[in-house]
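Note sheet for the following structure.
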Amino acid sequence: MLDTIKELNGFHKHDHANGRTNGHSNGTTHPTSDKADAKAAIETAVRTILANVGEDPDREGLVGTPDRIARMYDEILAGYTTDPVKLVNNALFDVEYDDPVIVKEIEYFSMCEHHMLPFFGRAHIAYIPSDKVIGLSKIPRIVEMFARRLQVQERMTRQIAEMIDEVLQPQGVAVVVEGSHMCSMMRGVKKEHPRMMTSYMIGKYREDKDLRREFMDQLRK
Ligand SMILES: [Zn+2]
């Protein structure tokens, strides 16, 4: 089971080193194998951006920016190196309970992969156990693992649902995600900023629309 989880959510333990390249041959876009090298490469890239948007990368306010951004990426994109097996370890419990378990209002921050700008909001999760439940604190950690990557909201929603399905083998899983996207909020002239809603249902939640409605009603409370 745990191997499937790794495959399922694209866990890469430093697969900087495994030759995941993107076809460019100038050397600068290849991932580097070492963490310090990777940080230096990001800093160089940020300096390049600064110089090419009309800034002076050496002025006082910007001189530390490449370093700050590189360190920040380490944190906000930490989901690539989070080990999903460790994450759920020792947190599965046998129970006899087959009503929905609902965890609402999980705050998340992610980065849109199209613009590398934040999107953020709340995730709401329900599952109907078969014979196992997961420790309450682990559900937000699962959300965080997928949020701290370059994402699209639709894929993040599905990945969260599939991971819970894989780990717990429940009778059903429902995930609803609300997101405000900076790339649409900052650009254009419109002053209303609709939140995007995505959902992904598995098992009973896909088959049974009353169950689905019950979950949606719970979210409005
Ligand atoms: Zn975007």
So if I check each of 70, 41, 91, which one is surrounded by 12 or more Cβ atoms within 10 Å (Cβ to Cβ), under 26 Å from residue 144 (Cα atoms) and assigned by TED's automatic domain parsing to the domain that holds residue 163?
91
For the stretch 59-91, which positions are touching a residue at least 60 places away in the same chain (Cβ under 8 Å) and polar (S, T, N, Q)?
81, 82
Residues of the stretch 167-196 being under 20 Å from residue 115 (Cβ atoms) and either among the acidic types (Asp, Glu) or more than 16 Å from the ligand (Cβ to nearest atom) (or both), in sequence order, are 178, 189, 191, 192
Applying the selection to the stretch 142-152, what residues are in a helix (DSSP H, G or I) and surrounded by fewer than 21 Cβ atoms within 10 Å (Cβ to Cβ)?
144
Could you list all residues from the stretch 170-198 that are modelled with pLDDT of 95 or more and in a loop (DSSP other than H, G, I, E, B)?
170, 171
Matching residues, the stretch 103-119, being crowded, with 16+ Cβ neighbours inside 10 Å and away from the ligand (no atom under 12 Å from the Cβ):
103, 106, 108
Has the stretch 146-158 got at least one residue that is in the same structural domain as residue 89 (by TED's automatic domain parsing), closer than 20 Å to residue 212 by Cα and of a type in the set (Ser, Thr, Tyr)?
yes
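Check whether at least one residue in the stretch 46-65 is among the acidic types (Asp, Glu), surrounded by 14 or more Cβ atoms within 10 Å (Cβ to Cβ) and either within 30 Å of residue 135 (Cβ to Cβ) or out of contact with any helix residue (DSSP H, G or I) (no Cβ under 6 Å at 6 or more places or on another chain) (or both), and report yes or no. Outline the logic, then answer.
Of the residues in the stretch 46-65, the ones among the acidic types (Asp, Glu) are 55-56, 58, 60.
Within this subset, residues satisfying the condition of being surrounded by 14 or more Cβ atoms within 10 Å (Cβ to Cβ) are 55.
With the extra rule that they be either within 30 Å of residue 135 (Cβ to Cβ) or out of contact with any helix residue (DSSP H, G or I) (no Cβ under 6 Å at 6 or more places or on another chain) (or both), the set shrinks to 55.
Taking every residue of the stretch 46-65 in turn, at least one turns out to be among the acidic types (Asp, Glu), surrounded by 14 or more Cβ atoms within 10 Å (Cβ to Cβ) and either within 30 Å of residue 135 (Cβ to Cβ) or out of contact with any helix residue (DSSP H, G or I) (no Cβ under 6 Å at 6 or more places or on another chain) (or both).
The values are calculated or read from the model by the stated rules, or taken from the named source; none is laboratory data. Small disclaimer: the values here were computed from a predicted structure and weren't measured. Note that each Cβ is placed from the backbone with ideal geometry, even for glycine, and that neighbours are counted across all protein chains shown.
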